[in-house]
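Nothing in this text is a laboratory measurement; each read-out follows from the coordinates by a stated rule. Keep in mind it's a predicted model, so treat the numbers as computed, not measured. Positions of Cβ are generated from backbone atoms using ideal geometry, with glycine treated the same way; all protein chains shown enter the neighbour counts.
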Amino acid sequence: MLRFVLGTIGALGLTLPVAAQVQPFPAGFRTQEIPTNGTTLHVRVGGQGPAVVLLHGYGETGDMWAPLAAELSRDHTVVTPDLRGMGLSSRPEGGYDKKTQGRDIAGLLDALKIEKADLVTHDIGNMVGYAFAAQYPARVTRFVIMDAPLPGIGPWDDIVRSRALWHFSFQGPDAERLVAGRERIYLDRFWNEFSADPKNFGEAAREHYAKLYAQPGAMHAGFNQFAAFDQDAVDNKAFVANAKLTMPVLAIGGEKSFGPTMAVVMRAAATDVTEKVIPNAGHWLMEEQPAATIAAIRAFLDQGR
């Protein structure tokens, strides 16, 4: 049976001069604005070797991956975009269904002349990553997916009954008016309620992301990520009916969040799934337990070398 804790499951996603800065990417990384599939993605690229793509979730941007990028860039080419509508990427009015965003990632890799890559994802990034892998399975060598469900797949119908997930339906002009100027308050709700210990999502990161989400149109685009979930569920059911993923998958859950249910979700969508639970972590694995999370990702990716 499902073992997730409904009250703590994951929230279902310009470097600004903030007073307290998050960890920067290594000095050798470059940033690019890459047009793809009707949008433009802000992308960080660095390192050498086989490619790995890192996809962030809601409440953060690609900046969350800086510690992992520093580790992987020793022997990988690391590609870290901000998703459509988020961070420093452009904010088109449409295209927030994850099938379309999976095509964003395909176009991004085409622009960088990368044919295949490992994939590491979190939260909304899970949904985009799965849609990319389902549409372009030959382009994904190994897939690490962390602490958030996939619309329409596995225990989705049970998950969405949780009162903790009211934000899935919180969108529209009046919701945007309520949050305008109060972005930090709204985002603190995610960082606090979905952490094992809110102190582990530090003030530097909170200031940084709150400023990014306060940019004009950023909350509107973020809410559109959730508004697309019904279409995502339809698309994902079709993906699974067509074929399960066959590349190796590592399903990581935080002990105080999604836990082993992450593997339950992925076994409904993939044939080769390894389960990993990170102790003393909630949803925000890279903030709460970065060393353990990075070690698990590194060990799994190294198996493919």
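Residue separation of Thr271 and Thr246 scaled by 0.36 nm, minus their Cα-Cα distance, works out to 8.5 nm of gained length.
Pairs exceeding 24 Å between alpha-carbon atoms, taken from Lys116/Lys244; Lys99/Lys276; Lys116/Lys211; Lys98/Lys244; Lys244/Lys276: Lys99/Lys276; Lys116/Lys211. Which label marks the calculated value of Cα extents along the principal axes in Å, given the options [x] 100, 41, 35; [y] 47, 46, 38; [z] 53, 48, 33? Checking each listed value against the structure points to [y]. Label positions at Gln215 and Ser90, each projected 7 Å from the Cα along the C-beta direction, are separated by 1.3 nm.
Taking amide H as placed 1.01 Å from N in the peptide plane, Arg142 has its amide H under 5 Å from the amide H of Asp118, Leu119, each at least 5 places away in sequence or on another chain. Placing unit charges on each Cβ (+1 for Lys and Arg, -1 for Asp and Glu) gives the chain a dipole about its Cα centre, and among Pro50, Ala295, Ile145 the Cα reaching farthest toward its positive end belongs to Pro50. Each residue of region 26-31 was assigned a 3J(HN,Hα) from its phi angle through the Karplus expression (A = 6.51, B = -1.76, C = 1.60, θ = phi - 60°), giving x, 4, x, 6, 10, 10 Hz with x at Gly and Pro.
With the charge dipole of the chain set up from +1 on Lys and Arg Cβ and -1 on Asp and Glu Cβ about the Cα centre, the Cα lying farthest toward the positive end among the listed residues Ala66, Phe190, Ala205 is that of Ala66.
Express in whole angstrom the spacing between the alpha-carbon centres of region 80-128 and region 192-206. After rounding, the separation between the Cα centres reads 26 Å. When you count the other C-beta atoms within 10 angstrom of each residue and take the mean per peptide, 80-88, 132-140 line up highest first as 80-88, 132-140. Summary of packing: across the peptides 55-63, 31-39, 105-113, 91-99, the per-residue average of other C-beta atoms within 10 Å ranks them, highest first, as 55-63, 91-99, 105-113, 31-39. Each Lys and Arg Cβ is given +1 and each Asp and Glu Cβ -1; about its Cα centre, the chain then shows a dipole of about 320 debye.
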